[in-house]
Amino acid sequence: MSSFEETVKQAREGDAEAAGRLLEPHLGRLAAFVRLQSGGSLGKRESCADLVQSICRLALEGMGAVEAPDEPAFRRWLYAVALNALVSKATFHQRARRDVRRELVESSLGAEALLRSYADLCTPSRKAMAREEVERIEEAFDQLTPDYRDVLSLRFVAGLSHAEIAERLGRSEEATRKLLHRARARLAMLALD
């Protein structure tokens, strides 16, 4: 049994420290994923930090059922938990018609940490002005179609393979690769405007 499998086993048995070791390496990218996926009304109603905390709570509650023989399998499980939580939160807010005055705009996460998570979407020369760059990427990302947002965040933030993305989106791998190429090109054009 590998050390990763042993850590998963310990977490499944209720070892909070083992569960923390599984979640901790994913927090930065999970925060970036949440920020990108929760744009629009959800991002205005709940802070990124609160959403990540909710996702981690759900992950900890579901840890007893996780089947992950390796790190990629655990990452897929964690991002499935994240996507389900975001859909549930968005549905809740759509039904609740919350007061707009309660909406949150800023999260407590630092711009530099987020920019590191977005590194695969940016060129290295853009890292000089972290806060403006994060805002520019997120504004451009919000202008993308849902298919483009999904393929970019699943590939570059969640780190899923082309095959995994194709399965999740119900497309062929070739169609997913083409979609990814078009999405990157569109994001680059929007980020430069």
Assuming 0.36 nm per residue, please report the length gained on full extension of the stretch Glu167 to Leu27 beyond their Cα-Cα distance.
48.0 nm
Ranked from the most accessible area to the least, with a 1.4 Å probe and all protein chains present, what is the order of Asp193, Asp70?
Asp193, Asp70
Need the list of aspartates and glutamates near Lys44 for cross-linking: C-alpha distance under 12 angstrom, and skip anything on the same chain fewer than eight residues off.
Asp99, Glu103, Glu106
Modelled label-to-label distance, Ala80 and His181, 7 Å Cα→beta-carbon offset: nm?
3.0 nm
So for the pair Glu139, Gln53, with labels modelled 7 Å out along Cα→Cβ, what separation do we get in nm?
2.9 nm
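The values are calculated or read from the model by the stated rules, or taken from the named source; none is laboratory data. Everything numeric here is computed off the predicted structure, so don't read it as measured data. Note that each Cβ is placed from the backbone with ideal geometry, even for glycine, and that neighbours are counted across all protein chains shown. Ligands, DNA and RNA are stripped out before the accessible areas are found, and what is left, the full protein with its side chains, is counted by its heavy atoms. Shrake-Rupley method; radii C 1.70, N 1.55, O 1.52, S 1.80 Å.
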